[in-house]
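Presented below is the structure to which this report refers.
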Amino acid sequence: MTNGPDSPGGNDIGAATERLRRWRLVLGGGQGDGTGCRLSGRDAAMDGALAALYQAGEDGAQGAGGEVGERSAGLGSSAPKVARWLDDVREYFPSTVVQVMQADAIERLDLHRLLLEPEMLEAVQPDVHLVGTLLSLKNALPEKARATARTVVAKVVAELEAKLAQHTRSAVKGAIDRSARISRPRHHEIDWNRTIRANLKHYQEEYRTVIPERLIGYGRAQRGVQRDVVLCIDQSGSMAASVVYAGVFGAVLASMRALRTSLVVFDTSVVDLTDQLDDPVEVLFGTQLGGGTDINRALAYSEGLVTRPADSIVVLISDLYEGGVREEMLRRVARMTAAGVQVVVLLALSDEGAPSYDRTNAAALAELGVPAFACTPDMFPDVMAAAIERRSLAPFVPAPDDAPV
């Protein structure tokens, strides 16, 4: 009896065919890949887009109907060909995959030169990694491409602000309110809701009431600046994504009246971008990715911005590869913490995974009571809240097995 499509045998055949199709797309090997599966239509187009990127430089020819034998793939140096490829990947793959493929194309196929053309910039899908690439190329951008590049950067910045601003403001404001709360309030200052929650363990069933052994009061209204925050950002080439996120967070923090936010970027020199914090796009275009690193000099400048040590937070975002005077850098951190400054060291501020960093310097900072750890953008507001409340940052530090490498 012939197996129909609805019979068990038909289902088995269909499942086997689908498995071969998927393996063919994964292997990308054409006639000699062992699957015996030929692709056509949308599958062939997807396969061609993948081959152009990941099998570039292999010899061979593309077969009829989009079937690829011993492939000759690649995007070459043709802007029209790259633009068509970008259109294809946006059509056939989800946005998260498109971003990965774009980043791989820039790195594997050396497409930096083509990004200098406005037509190319209009074709790519903007993301954090593309912004980092554009910032590293900004001095080489021709005049006609600069406006387009700024539009690309502005779009990514706006998307990040929309995603991150609410959580940041909520976490920071809550931390400031809690740090201002008083423990010996007058009667009219008692926060009854929090007082009752804090004393539920003292509930007296016999009297059906709570005995408030600890009173919690509302913080007295303080309209002035409650904390000084200094963001000190390493702008070496490996920190590109961190620079982008830090610029956005700096603008969000600067918009909060309870904080006085300063932002400095550094390589072997230090640039203060505080006066541009109302426009994070300007902040990013004020950076210069690449070059050496002098953390000690950057911390010296940041220390000079501190006028109220007990109410100040210095956030150093760096992979800690120090090109300056290491011993003086460590002494400076020790001096700031002894004076009451809350020093936070982030090895990266990005979603890129485990960063490379100087383990010796990280260990030395840990001995000073300043743990160094990588931080995702989603976690940053909670780190800032903990710093404002002077809570331990240990919960944010990964366990040894999960530590960055």
Residues in region 330-344: is at least one surrounded by fewer than 18 Cβ atoms within 10 Å (Cβ to Cβ) and touching a Gly at 6+ places or on another chain (Cβ under 6 Å)? no
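Being closer than 28 Å to A339 by Cβ, in contact with a Leu (Cβ under 7 Å, 6 or more places away or on another chain), aliphatic (A, V, I, L, M) and in the same structural domain as G324 (by TED's automatic domain parsing): is that true of L284 here?
It is false that L284 is closer than 28 Å to A339 by Cβ, in contact with a Leu (Cβ under 7 Å, 6 or more places away or on another chain), aliphatic (A, V, I, L, M) and in the same structural domain as G324 (by TED's automatic domain parsing).
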Which members of region 261-273 meet the condition of being touching a Lys or Arg at 6+ places or on another chain (Cβ under 8 Å) and crowded, with 22+ Cβ neighbours inside 10 Å? F266
Run down P371, P381 and say which single residue is at pLDDT 95 or above and not hydrophobic (A, V, I, L, M, F, W, C). P381
Entirely in region 110-192, the helices (runs of 4 or more DSSP H) that have 1 or more residues that are farther than 19 Å from S95 by Cβ and modelled with pLDDT of 90 or more: 143-180
Counting only residues that are of a type in the set (S, T, N, Q) and more than 13 Å from L121 (Cα to Cα), which one in region 148-168 is surrounded by the fewest Cβ atoms within 10 Å (Cβ to Cβ)? Q166
Taking the conditions exactly as written (in a helix (DSSP H, G or I) and buried (at least 17 other Cβ atoms within 10 Å of the Cβ)), does V383 satisfy them or not? yes
Here the residues within region 274-321 that are in a loop (DSSP other than H, G, I, E, B) and surrounded by fewer than 20 Cβ atoms within 10 Å (Cβ to Cβ) are D278, D279, G286, Q288, G290, G291, G292, L305, V306, T307, R308, Y321
Looking at region 121-137, which of its residues are out of contact with any Ser or Thr (no Cβ under 9 Å at 6 or more places or on another chain) and under 15 Å from W85 (Cβ atoms)? A123, V124
Being farther than 30 Å from R146 by Cβ, free of Cβ contacts under 8 Å to residues at least 40 places away in the same chain and out of contact with any Ser or Thr (no Cβ under 8 Å at 6 or more places or on another chain) narrows it down to one of L368, L330, so name that one. L330
Could you list, in sequence order, the residues of region 331-352 that are aliphatic (A, V, I, L, M) and either more than 23 Å from A246 (Cα to Cα) or outside the structural domain of A300 (by TED's automatic domain parsing) (or both)? A334, A338, A339
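The values are calculated or read from the model by the stated rules, or taken from the named source; none is laboratory data. All of these numbers come straight from a predicted model, not from anything done at the bench. Cβ: placed from backbone, ideal geometry, glycine included. Neighbour counts: every protein chain shown.
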